[in-house]
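Here the structure comes first, spelled out in structure tokens, and everything after it is commentary.
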Amino acid sequence: MILVVEDEESYQEALFAGLSREGYDVELASDGADALRRFVEHRPDLVVLDLLLPKMSGIEAIRRMRAIASVPIIIVSALDTETDIVRGLELGAEDYISKPYRLNELVARIRSVLRRVAPPPHVEPAVLQRDPLRVNAVVVGPFHINFARRVVTREGEPIHLSRREFDLLAVLLSPPGQVRTREELIDGLWSGRDLSDTRTLDTHVRRLRVKLEPDPRTPRYLVTVRGVGFRFEP
Ligand code: CA
């Protein structure tokens, strides 16, 4: 399904008709807030997003979508929003197209972006594959973690984690409270690497703490077990 975020009626109609004719399911949103609502509800495969929107800037909409899921986004811009295009691409949008554009041109971009992002399938960390008791979602303190959708929220607010950060958290939560040794974490997440290289692990632990902990310097959840590894306090 493609979520089209566009406030101009003439574009809305043309896009809905044109993309439907190409065989895509299309969901329309006409402002940023509406777009986020539909994004959460429908989980689109791709988003086409006009940067100049009422109620919320396109850039803000991209930022919030990116915090929820890494769905490919194609930015639509008027000619005078070049800095926004750059910011949008920096935030992880896949491509952009300038107004006015022809429908075939947009369809070609959509096809190419979908082709690019389809493979490779996500490979689960080894530690998770070994754990037969793994569940789809857990609630730990203020956090809700959905493993299947790779979404983490704290008191309902989405927290954006990189793929590695999420994998690390997932291992620490399988199950919560269990001490994971450094070797176990490195082996599970970066298999093939030198086990003595723990700096990458420390970097990811630090980043996770910054994102999850009320005070990252005195961690309450992701605690160090001296001489052994780490544990996520339930
Ligand atoms: Ca617009």
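Listing for the model above:
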| quantity | calculated |
| --- | --- |
| Protein-only accessible surface order, largest first, of R102, R87, R180, R38 at 1.4 Å | R102, R87, R38, R180 |
| Accessible area (Å², per residue) of the stretch 2-117, counting only protein heavy atoms and a probe of 1.4 Å | 49 |
| Built amide H within the under 5 Å cut-off of Y96, gap 5+ | I75 |
| Relative contact order for the chain, counting Cα pairs under 8 Å that sit 6 or more residues apart, in percent | 12 |
| Label point distance in nm, T218-L52, each placed 7 Å from Cα along Cα→Cβ | 5.1 |
| Simple spin-label estimate for K99 and V139 in nanometres, 7 Å along Cα-Cβ | 4.3 |
| Percent accessible area from carbon and sulfur atoms, the chain, protein chains only, probe 1.4 Å | 50 |
| Residue-averaged 222 nm ellipticity for the chain, from DSSP H runs of 4+ at -39500 (n - 2.57), nearest 500 | -12500 deg cm²/dmol |
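The values are calculated or read from the model by the stated rules, or taken from the named source; none is laboratory data. Because the structure is predicted, anything quoted here is derived from the model rather than measured. Backbone-built Cβ (ideal geometry, glycine too); neighbour counts: all protein chains shown. What goes into the accessible areas is simple: the full protein's heavy atoms, side chains included, and nothing from ligands, DNA or RNA. Shrake-Rupley method; radii C 1.70, N 1.55, O 1.52, S 1.80 Å.
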